[in-house]
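The structure appears right after this line, and notes come after that.
The values are calculated or read from the model by the stated rules, or taken from the named source; none is laboratory data. Worth saying up front: this structure is predicted, and the values here are computed from it rather than measured. Cβ sites come from the backbone with ideal geometry, for glycine too, and all protein chains shown count toward neighbours. Note: areas computed on protein heavy atoms with side chains; ligands, DNA, RNA excluded. Shrake-Rupley method; radii C 1.70, N 1.55, O 1.52, S 1.80 Å.
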Amino acid sequence: MGAETIKCETVWETNLSLPLVNRGKVRDIYAVGGDKLLIVTTDRLSAFDVVMPTPIPNKGKVLNQISLFWFEKFKDLIPNHVITADLDRMGFDQDFLRQFRSVLAGRSVLVHRAKPLPVECVVRGFLAGSGWKDYLKTGKVCGHALRPGLKQCEELLEPIFTPATKATVGHDENISLDDVVNLIGKSLARDVKRLTLQIYKEGVEYAKTRGIIIADAKFEFGILNDKLILIDEVFTPDSSRFWSKETYKPGQDQLSYDKQIVRDFLEKSGWDKTPPGPALAQHVVEKTTAAYINAYKRLTGWNLL
């Protein structure tokens, strides 16, 4: 089923009758009591750490539902923060549901309120994006020395762990494993590195069976009841780079199922990458929507709710 057969819906911002905890680049997060959060994924899109003024229809539903798919897939490897994505099991009264159901349907999840670790757990399995630019200049990617002569988008011998700081505003900054140890301690640093690489490897193996190459990914972890859990989003077109396995060829740009479509448009637009971002052309919006939905359907086999 193509994107054109799915009802075009857009949610830019939510204003629920709940305490707003945070309005991030993409997600609106509300408090539900003292120990739970309601996360609503909007259709806002951030590129180069700037929120674009043009929404991507159905993007929030794709991100929410694809994360739910992966959370379920990896639940035996590591617990996660998900309580339920079923609106009727979230405990809200009928008046609230009548008022906000159309906004929340398909794009919301009730989660345990964990303490997020102050680290973005990034893993790279292919030489792309900023990693490729870094390699061209230094022969390294985030301090990892790589063999000479690698091509753009070439697969690495082994995935590399390239953590970063978490920035609520502006750019994340790459940090070393020693920096991670200083931030969260040696034991947790060891665990998040191991889990990041393991989740990535298992996700890559599965995605290849669905015709998708996952070039890199970003994960977040938190602490709940003194235990490490997986939070935020997992292997979405916002947090990972998705390529077509069928057309993949090192040495060139790849057919993408992610927001690289928007990045490419912005790179050619003359925009200086400072706020505000430019409006996106309609063909870019349509192509990005189609790519997100295509990736979702390929990976999950589900219809978009």
Checklist entry - Are any residues in segment 147-157 open to solvent by less than 40 Å² (accessible area, probe 1.4 Å) and either more than 19 Å from R241 (Cα to Cα) or without any contact (Cβ under 8 Å) to a residue 60 or more places away in the chain (or both), and if so, which ones? => result L150, L156
Checklist entry - Going by the conditions given, is L224 surrounded by fewer than 19 Cβ atoms within 10 Å (Cβ to Cβ), among the hydrophobic types (A, V, I, L, M, F, W, C), in contact (Cβ under 8 Å) with a residue 24 or more places away in the chain and in contact with a strand residue (DSSP E or B) (Cβ under 9 Å, 6 or more places away or on another chain)? => result yes
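Out of S239, S256, which single residue is without any contact (Cβ under 8 Å) to a residue 24 or more places away in the chain and either more than 22 Å from the chain's Cα centre (by Cα) or open to solvent by less than 30 Å² (accessible area, probe 1.4 Å) (or both)? So that I can check it myself, show each step before the final result.
Numbers: S256 fails: without any contact (Cβ under 8 Å) to a residue 24 or more places away in the chain.
Sole residue among the options that is without any contact (Cβ under 8 Å) to a residue 24 or more places away in the chain and either more than 22 Å from the chain's Cα centre (by Cα) or open to solvent by less than 30 Å² (accessible area, probe 1.4 Å) (or both): S239.
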Next on the checklist: Can you tell me which residue is farthest from Y296 (Cα to Cα) among those in segment 55-64 that are over 12 Å from the mean Cα position of the chain (by Cα) and open to solvent by less than 10 Å² (accessible area, probe 1.4 Å)?
Outcome noted: I56
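Give me a count of the residues in segment 73-101 that are in a loop (DSSP other than H, G, I, E, B) and not small (G, A, S). Spell out how you get there, then give the answer.
Taking segment 73-101 first, the residues in a loop (DSSP other than H, G, I, E, B) are 74-79, 81, 85-86, 90-93.
Those left that are additionally not small (G, A, S): 74-79, 81, 86, 90, 92-93.
So the count comes out to 11.
Suppose we filter I160, I199 for residues that are closer than 30 Å to R89 by Cβ and surrounded by 14 or more Cβ atoms within 10 Å (Cβ to Cβ); which single one remains? Explain how you work it out, then say what you get.
Details: I160 fails: closer than 30 Å to R89 by Cβ.
When all the criteria are applied, what remains is I199.
Would you mention how many residues in segment 155-190 are under 27 Å from K25 (Cβ atoms) and either of a type outside the set (S, T, N, Q) or in a helix (DSSP H, G or I) (or both)?
Just the residues of segment 155-190 that are under 27 Å from K25 (Cβ atoms), to begin with: 159-177, 179-180, 182-184, 188-189.
Imposing the further condition that a residue be either of a type outside the set (S, T, N, Q) or in a helix (DSSP H, G or I) (or both) reduces the set to 159-161, 163-164, 166-167, 169-173, 175, 177, 179-180, 182-184, 188-189.
Residues meeting the conditions: 21.
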Next on the checklist: Just the residues that are among the basic types (K, R), open to solvent by 40 Å² or more (accessible area, probe 1.4 Å) and in contact (Cβ under 8 Å) with a residue 12 or more places away in the chain, please, taken from segment 259-269.
Outcome noted: R263
Item to check | Count - residues of segment 75-93 that are surrounded by 12 or more Cβ atoms within 10 Å (Cβ to Cβ) and among the acidic types (D, E) | outcome: 0
Next on the checklist: I'd like the residue in segment 174-192 that is charged (D, E, K, R) and closer than 26 Å to S130 by Cα and, out of all such residues, is least open to solvent (accessible area, probe 1.4 Å).
Outcome noted: D191
Next on the checklist: Cβ-Cβ distance below 6 Å, separation of 6 or more or different chains: which pairs start in segment 51-78 with a residue that is touching a residue at least 40 places away in the same chain (Cβ under 8 Å) and end on one that is part of a helix (DSSP H, G or I) and aromatic (F, W, Y)?
Outcome noted: K59/Y292; V62/Y292; V62/Y296; I66/Y296
Next on the checklist: Anything in segment 127-144 that is open to solvent by less than 30 Å² (accessible area, probe 1.4 Å) and over 14 Å from N174 (Cβ atoms)? List them, or say none.
Outcome noted: L127, A128, G139
